[in-house]
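Enquirer: Here it is: the structure, laid out below.
The values are calculated or read from the model by the stated rules, or taken from the named source; none is laboratory data. Worth saying up front: this structure is predicted, and the values here are computed from it rather than measured. Every residue, glycine among them, receives a Cβ derived from its backbone with ideal geometry; neighbour counts consider all protein chains shown.
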C-alpha cells in the first residue's frame, strides 16, 4: 500500500501563460500540508486538477496510489475537495444536501443518515435542519460544505482557503477537525492566506510561485532556507516568522 | 477626452448605466476566445445578427402583406375600432407581464440598489431612472415585434401609422407604472419573499389572462353568457362608453391615425409615470430596504428531517435532488407554466371541436418535446454546482444520463393520461402520440446533452440569446416530430419530411457537439 497520499509529477497547466509549470509535489499520508503562494501563483489551479475539475496539459496525479487520469473513480472515492466558494444548492435543506453528496459517493443510506446527523450536530447546524441553505450565512454555508466533504469519510481532504468567512469559534472547530483527521492517520492539504494558520498547523509547507514550487519543508527548514537566500540582510539577524520567510522567498528578484 | 461626457450622477448618466446593464443581462459572460482572459458580455454577435435578420425579414413580410391590402381608413368602422382595441388589450396584457418581470428584477435581483441608495444620488432620481429603464426595455421588446407592421405602413406612405408608436410608448409607461406599484404594494402587504413568488405568478398569468378568461367564459352556460354580456353592454351604454367618441377607443383611434388620440395616450402615460415617481418614491425606498433587510426565516428544526430515511443509489438521489430544486424554484416554474399557457389556445380549439384529434396528437407531441427541452436545459446546463459532480467518483456520463432521466420522467408522466385516453378513442392515435413524443423527447435530450453549455437558472427565459443554434435545432426537432405525427394521421406520405427535419437537427447537433475535455 502506498505511503504517499498525493504525488504530482511534472504537472502543467497553461492558460495563455503557464498557471502550473512542471510542478512536482509529494505529500505523505498522515500529514497536514499547507500550500502557500501569492495571488495567481497557481495554488487553486493545482488543487482543481487534483480534484479532477481541470484536466492537466501534461504530468501525472497519483491520489493514494491511484492515477487520477486513468482511474478517476478510485482516486476520487477517498478524496474530498472543499473550495473557498462552497459547493451548495440554495434550494436544498442540509439533510437533503448531505443525502445527495452521500449518494454520489455511494455511501449506504443508513450510515449516511447517522453520519449526517452527527456532523450537523457537531457543526451546530442541527437547529437549521428545516431551512433552505439560501438563507444561511457565509460561515454556515462553509460548515455545511465541510459536512458534505466529510460525510464519505475521505482519507485525503483538500481545502482551498477553508477559513474564509468563518467566525473565531467556527474557525477553531474546523482547525480542530483537521488536526483530528491527521491524528487519525488522514491527510490534509490546504491553501491559506492566513500564514499563522499554516505556521501553527502544518507539518510541511510548500511555497508556490509562477506555478513552480520554490520552497518546501518544515517551518524551521524554510527559515533556514530564507536565511541562506537573504543576502541583503544584516549578518546574524534571523528570519523569525513564516510571514517573513514567505515575503522573503516570494519577493521579486 | 471624450467629445461628449455626461455629468457623473446625473439622470442621463444613470440611465446610460441602466441601458448598458439591460444589454449585459441579455447573455452570459464568456471568454472572447480560448486563450483570452477577456470577457465578452451581453448577447453574442451571432445572436445580434440573427435578430437583425429576423427583424428585417419581418419588415419584408409585413410590407409584402400590407402592400396588397387597402390603406387603413381614417374614419374606421365601429367594429374595426373594437377589434383593434381588443388586439391592443392583448398587447397590453403581455406588456404588463414583461413589466412585472422587470420590476421584480429591478427590485430584488439586480443587487445594485444598495450601492445606488448608499450614494449621494437622490432616491427620487434613482427611482425615476429605474422606472424609465423598465419603460425603455418594455418599449424595445414590443417595438421589435410591432415595428415591422408600423414601418411597413410608413414605407407605403401611410404616415398616420406613426401614431402607433405613440400608443406603444404610452401603454409601456402606463403598464410599467402599474407593474412597479403592484410589486411595491405586494412587498408592503405580503412581504418580500411572498412578493417574489406572487409577482412571478401574476406575471405568468397576466400574459395569458385575456385568452384564458375568454375561454373560461365560452365554457359557461349560454344563459349566463347572455346575462353577463347584456349587463355589461347596458352599463357601457348608460355611461356612453359605446359611442365612437368614448375614451375606451382612444388607443384604437390613435392607431388609425388620430394624432390627438395618440398624443393623449402618450401624455397620459407620461403623467402617470411622473405621478408614480413623484408620490411613491419613498414607498420605493421602503420596498428596497425591506428587500435588502429581509431576515432569514428561522424554522424550528423538526425531527422529520432527521428521521426521514435517506434515498439510496446515485440515480435516485440525482432524480430526487433535481425534482426538489425545480419544485422549489417558483420563478422557473412560473416560466414553464407560461410556456404551457401559451400552448393552451391549441388545446381549447381542438378539444372544443372534438374531431381534430390528429391536431391534438401533433400539439401534444410538440408540447411534450418543448417541455423536455426546457427541463433538460435547466437540469443539465443550469446545474448549480457542477464542480461537486465532477469531484464525485461517479462517471459524468452516468450523472448526465440520470439528469436526462430526471427531466424526461415527469413529462412522460404528464403525457401518459393523454396517450391512454387517445388509445381508448383510437389505438392508432395513442400509439402515434407515444411514438412521436418519445422519439422527439429522445432527440431533444441528445441535442441538449451534446450542445449544452454551463449557465444559471435565472437565464432560463433568455437561454436562447447565448445559444442560438441549439435553440433553433430544438425548435426544428419539436416541429419536425409534431409534423410527423400530423402527417402519419392525415397524409402519411409527407411524414418523411418531418423525419428528415428531425434527423437533420440531430446530425447537426452531433457535428457541433461540445468537447467536454
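Enquirer: Please enumerate the residues belonging to the stretch B:257-274 that are closer than 30 Å to residue B:82 by Cβ and under 29 Å from the mean Cα position of the chain (by Cα). First the steps, then the outcome.
Expert: From the stretch B:257-274, those closer than 30 Å to residue B:82 by Cβ are B:257-273; that's our starting set.
Those that are closer than 30 Å to residue B:82 by Cβ and under 29 Å from the mean Cα position of the chain (by Cα): B:262, B:265, B:266, B:267, B:268, B:269, B:270, B:271, B:272, B:273.
Here's the yes/no breakdown for (1) surrounded by fewer than 17 Cβ atoms within 10 Å (Cβ to Cβ); (2) in the same structural domain as residue B:79 (by TED's automatic domain parsing); (3) more than 20 Å from residue B:133 (Cβ to Cβ):
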| position | (1), (2), (3) |
| --- | --- |
| B:168 | no, yes, no |
| B:179 | no, yes, no |
| B:187 | no, yes, no |
| B:196 | no, yes, no |
| B:211 | yes, yes, yes |
| B:225 | yes, no, yes |
| B:229 | yes, no, yes |
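Residue by residue, here is whether (1) in the same structural domain as residue B:334 (by TED's automatic domain parsing); (2) in contact with a helix residue (DSSP H, G or I) (Cβ under 7 Å, 6 or more places away or on another chain); (3) touching a residue at least 60 places away in the same chain (Cβ under 8 Å); (4) surrounded by 18 or more Cβ atoms within 10 Å (Cβ to Cβ) holds:
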| residue | (1), (2), (3), (4) |
| --- | --- |
| B:415 | yes, yes, no, yes |
| B:423 | yes, yes, no, no |
| B:429 | yes, yes, yes, yes |
| B:436 | yes, yes, yes, yes |
| B:448 | yes, yes, yes, yes |
| B:461 | yes, yes, yes, no |
| B:477 | yes, yes, yes, yes |
| B:480 | yes, yes, no, yes |
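Enquirer: I'd like the full set of residues that are more than 7 Å from chain B (Cβ to nearest Cβ) and either under 24 Å from residue A:160 (Cα atoms) or surrounded by 20 or more Cβ atoms within 10 Å (Cβ to Cβ) (or both), limited to the stretch A:103-117.
Expert: A:107, A:115, A:116
Enquirer: Does any residue in the stretch B:299-320 that is under 28 Å from residue B:403 (Cβ atoms) and at the interface with another protein chain (Cβ under 7 Å from one of its Cβ atoms) come within less than 6 Å, Cβ to Cβ, of a residue that is part of a loop (DSSP other than H, G, I, E, B) and modelled with pLDDT of 75 or more six or more places away or on a different chain, and which pairs are these?
Expert: B:305/A:129; B:305/A:130; B:314/B:394; B:317/B:311
Enquirer: A further question follows. Taking residue B:108 and the conditions (1) buried (at least 17 other Cβ atoms within 10 Å of the Cβ); (2) at pLDDT below 80; (3) over 27 Å from residue B:332 (Cα atoms), which numbered condition does it fall short on, given that it satisfies the others?
Expert: Here residue B:108 meets the rest and fails (3).
Enquirer: Follow-up question, since we're still on this one. So which residues in the stretch B:377-406 are more than 15 Å from residue B:326 (Cβ to Cβ), away from chain A (no Cβ under 12 Å) and either buried (at least 17 other Cβ atoms within 10 Å of the Cβ) or under 27 Å from the mean Cα position of the chain (by Cα) (or both), if there are any at all?
Expert: Of everything in the stretch B:377-406, just one residue is more than 15 Å from residue B:326 (Cβ to Cβ), away from chain A (no Cβ under 12 Å) and either buried (at least 17 other Cβ atoms within 10 Å of the Cβ) or under 27 Å from the mean Cα position of the chain (by Cα) (or both), namely B:400.
Enquirer: Among A:51, A:34, which is the only one that is within 11 Å of chain B (Cβ to nearest Cβ) and either over 23 Å from residue A:198 (Cβ atoms) or touching a helix residue (DSSP H, G or I) at 6+ places or on another chain (Cβ under 8 Å) (or both)? Steps first, answer last, please.
Expert: Details: A:34 fails: within 11 Å of chain B (Cβ to nearest Cβ).
Exactly one residue qualifies, and that residue is A:51.
Enquirer: Exactly one of (1) over 27 Å from residue A:193 (Cβ atoms); (2) within 23 Å of the chain's Cα centre (by Cα); (3) at pLDDT 90 or above is unmet by residue A:159. Its number?
Expert: All conditions pass for residue A:159, except number (1).
Enquirer: Looking at the stretch B:130-188 only, could you name the residues that are out of contact with any helix residue (DSSP H, G or I) (no Cβ under 7 Å at 6 or more places or on another chain) and not in a helix (DSSP H, G or I)?
Expert: Within the stretch B:130-188, B:157, B:158 qualify.
Enquirer: Further question: Can you name the residue in the stretch A:68-102 that is part of a loop (DSSP other than H, G, I, E, B) and more than 8 Å from chain B (Cβ to nearest Cβ) and, of all such residues, is surrounded by the fewest Cβ atoms within 10 Å (Cβ to Cβ)? If you could, list the steps in order and put the result at the bottom.
Expert: Filtering the stretch A:68-102 down to residues part of a loop (DSSP other than H, G, I, E, B) leaves A:68-71, A:78, A:83-93.
Remaining after also requiring more than 8 Å from chain B (Cβ to nearest Cβ): A:68-71, A:78, A:84-86.
Details: A:68: 22, A:69: 15, A:70: 10, A:71: 14, A:78: 21, A:84: 16, A:85: 16, A:86: 22.
Looking at the filtered set, the residue picked out is A:70.
Enquirer: I'm told residue B:491 meets every condition in (1) out of contact with any helix residue (DSSP H, G or I) (no Cβ under 7 Å at 6 or more places or on another chain); (2) at pLDDT 85 or above; (3) farther than 30 Å from residue B:109 by Cα except one. Can you identify the failing condition by its number?
Expert: (2)
Enquirer: Collect the residues in the stretch A:54-67 that are in a loop (DSSP other than H, G, I, E, B), touching a helix residue (DSSP H, G or I) at 6+ places or on another chain (Cβ under 8 Å) and within 12 Å of another protein chain (Cβ to nearest Cβ), keeping them in residue-number order.
Expert: So the first thing to find is which residues in the stretch A:54-67 are in a loop (DSSP other than H, G, I, E, B), and the list is A:54-57, A:64-65.
This time we only want the ones that are touching a helix residue (DSSP H, G or I) at 6+ places or on another chain (Cβ under 8 Å), so: A:54-56, A:64.
Passing the criteria: A:54, A:55, A:56.
Enquirer: Residue check: is residue B:177 free of Cβ contacts under 8 Å to residues at least 40 places away in the same chain and within 17 Å of residue B:92 (Cα to Cα)? Step through it out loud before you land on a result.
Expert: On the way: free of Cβ contacts under 8 Å to residues at least 40 places away in the same chain: no; within 17 Å of residue B:92 (Cα to Cα): yes.
Against the criterion (free of Cβ contacts under 8 Å to residues at least 40 places away in the same chain and within 17 Å of residue B:92 (Cα to Cα)), residue B:177 does not qualify.
Conditions (1) within 10 Å of chain B (Cβ to nearest Cβ); (2) without any contact (Cβ under 8 Å) to a residue 60 or more places away in the chain; (3) assigned to a helix (DSSP H, G or I), marked per residue:
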position: A:120; (1), (2), (3): yes, yes, yes
position: A:141; (1), (2), (3): no, yes, yes
position: A:148; (1), (2), (3): yes, no, yes
position: A:153; (1), (2), (3): no, yes, no
